[in-house]
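Values quoted throughout were computed directly from the atomic coordinates according to the rules given, and no laboratory measurement underlies them. Bear in mind the structure is a predicted one, so any value in this text is a computation, not a measurement. We place every Cβ from the backbone using ideal geometry, glycine too, and count neighbours over all the protein chains shown.
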Amino acid sequence: MASFTFEQFRTVLRKLGFERVRSKKHETWLKILPNQAILRVRISHRHHQDIPKWLFHEMLRQAGIDEDRFSKLLKS
C-alpha cells in the first residue's frame, strides 16, 4: 500500500463533493447523499504528513470509498 498525505485526502474529498464545515482541532468534511444520508469525515490539520495505515482505512470507510477509487480520483 502506498502512503498518502492528509492534503491528498482533502483533494479527493473535494472531488467527491465533500465540503469542509468545521476547522477546530480537526477538520470536519460533510456530504449529503441524494437519499439524505450524511457522510462525515474528520481529518487532522497535518497537511503534508503521511496518514497512518489504520487511520487511512477508517477515513476511507467514513467517506464511503475504497482504496482503488481513492487512487483513481487522486490521479484524475
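Under 6 Å by Cβ, and 6 or more places apart or on different chains, what pairs join a residue from the stretch 53-75 that is within 17 Å of ILE43 (Cβ to Cβ) with one that is surrounded by 14 or more Cβ atoms within 10 Å (Cβ to Cβ)?
Within 6 Å, the pairs are MET59/VAL41; GLN62/VAL41; ALA63/VAL41; GLY64/LEU39; PHE70/VAL12; LEU73/VAL12; LEU74/GLN8; LEU74/VAL12.
Does ILE51 count as surrounded by 17 or more Cβ atoms within 10 Å (Cβ to Cβ) and touching an Asp or Glu at 6+ places or on another chain (Cβ under 6 Å)?
So ILE51 fails the test.
Among the strands (runs of 3 or more DSSP E) lying completely within the chain, list those that include at least 1 residues that are touching a helix residue (DSSP H, G or I) at 6+ places or on another chain (Cβ under 7 Å).
27-32, 38-43
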